[in-house]
């Protein structure tokens, strides 16, 4: 009798153990476990790069984009729509007010001011844009290389960069042009080397910041190479700050080229340039002529419009871009 009671107690304990019964109560539990496993499988094991965000400009930014686009179009088609050639002396006298086909008057040699402003846009903006692109090609390449490689490569490039940065830009430009002469290739090369130093600093800072992120560490853990990490992870995430800084560098280069031209060491006559036009026509201010005002106004509209675009983009990014710019 005692043996039968013990056997019955053991059978009840076996039935009471969870997971040992094949009854209908186990079906919801198994379904729940499978659902949890399915949800876990939907997550990636390694983190990905942050998603790209589109930036919407304000109305001020849109107007600024239109102004910059206008001057870029003038650079391309301007000479074909100008009333006169930049070297034609068709006016009746110098420093005349607007009359007939001379919509902005004439300069100190009786040339059409509007035509020279249009031709000068190609020289001023074209040279500045070429120099800025070359500066970015050098600065980004060396900056990302220094950030990724580190060590003696980073130290060597950084020390040379600091040496160039320690020299005033105008003084360095005057020394180079005085030694090599003034020509468009010399102007582009000089401006590119001078402003590549600033691009190097921001590219290096961005590269070092990105290289310690989780998605870069995940790429290294997957066995990705250095060049793949630079191409797929570093450059895409540094693109927006670099693109924003590009606008500021372009403004600096425009002012640098215009300053050299104002000093007589930039674009040489008879070719027109906004900076040289201001210098040549300063004497007309005593006669009430606006020949020196119009090229200065062109420089102001172009540079201020770019600054407004940069400020708008930086504001939409929470100001984080401005903190990285140097």
Which one of these does residue 105 not meet: (1) without any contact (Cβ under 8 Å) to a residue 60 or more places away in the chain; (2) touching a helix residue (DSSP H, G or I) at 6+ places or on another chain (Cβ under 8 Å); (3) on the phi > 0 side of the Ramachandran plot? (1)
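Of the residues 314, 259, which single one is at pLDDT 90 or above and surrounded by 15 or more Cβ atoms within 10 Å (Cβ to Cβ)?
On the way: 314 fails: at pLDDT 90 or above.
Going through 314, 259 in turn, the sole match is 259.
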Of (1) in contact (Cβ under 8 Å) with a residue 40 or more places away in the chain; (2) more than 21 Å from the chain's Cα centre (by Cα), residue 168 fails just (1)
Checked pairs for the range 304-320, first within 13 Å of residue 65 (Cβ to Cβ), second in a loop (DSSP other than H, G, I, E, B) and at pLDDT 75 or above, C-beta under 8 Å and 6 or more apart or across chains, list as 309/57; 312/57; 312/58; 313/57
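Among what's in the range 262-279 and is surrounded by fewer than 23 Cβ atoms within 10 Å (Cβ to Cβ) and in a helix (DSSP H, G or I), pick the residue that is farthest from the chain's Cα centre (by Cα).
Step one: list which residues in the range 262-279 are surrounded by fewer than 23 Cβ atoms within 10 Å (Cβ to Cβ), which gives 262-265, 268-271, 278-279.
Imposing the further condition that a residue be in a helix (DSSP H, G or I) reduces the set to 262, 278-279.
Values: 262: 27, 278: 29, 279: 31 Å.
Out of the qualifying residues, it is 279.
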Filtered residues of the range 212-235 (kept if closer than 16 Å to residue 141 by Cβ and either touching a strand residue (DSSP E or B) at 6+ places or on another chain (Cβ under 8 Å) or surrounded by 17 or more Cβ atoms within 10 Å (Cβ to Cβ) (or both)): 229, 230, 234, 235
Do any helices (runs of 4 or more DSSP H) entirely within the range 177-234 hold 1 or more residues that are at pLDDT 90 or above, under 22 Å from the mean Cα position of the chain (by Cα) and closer than 30 Å to residue 260 by Cα, and if so, which? 184-211
Could you check the range 280-311 and list, in sequence order, the residues that are modelled with pLDDT under 90, assigned to a loop (DSSP other than H, G, I, E, B) and either surrounded by 15 or more Cβ atoms within 10 Å (Cβ to Cβ) or within 31 Å of the chain's Cα centre (by Cα) (or both)? 289
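When the range 95-108 is examined, which residues are found to be over 37 Å from the mean Cα position of the chain (by Cα) and either closer than 19 Å to residue 81 by Cβ or surrounded by 15 or more Cβ atoms within 10 Å (Cβ to Cβ) (or both)? If you could, list the steps in order and put the result at the bottom.
Taking the range 95-108 as the starting set, the residues that turn out to be over 37 Å from the mean Cα position of the chain (by Cα) are 95-102, 105-106, 108.
Answer for the range 95-108, where residues must be over 37 Å from the mean Cα position of the chain (by Cα) and either closer than 19 Å to residue 81 by Cβ or surrounded by 15 or more Cβ atoms within 10 Å (Cβ to Cβ) (or both): 95, 96, 98, 100, 101, 102, 105, 106, 108.
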Restrict the check to the range 76-88 and report whether at least one residue is surrounded by 14 or more Cβ atoms within 10 Å (Cβ to Cβ) and part of a helix (DSSP H, G or I). yes
Just give me the residues in the range 110-132 being in contact (Cβ under 8 Å) with a residue 40 or more places away in the chain and either closer than 25 Å to residue 234 by Cα or in a loop (DSSP other than H, G, I, E, B) (or both), in sequence order. 129, 130, 131, 132
Flag if residue 172 is closer than 29 Å to residue 74 by Cα and in a helix (DSSP H, G or I): no
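The values are calculated or read from the model by the stated rules, or taken from the named source; none is laboratory data. Note that this is a predicted model, so its numbers are computed, not measured. So basically every Cβ, Gly included, is an ideal-geometry build from the backbone, and we count neighbours across all protein chains shown.
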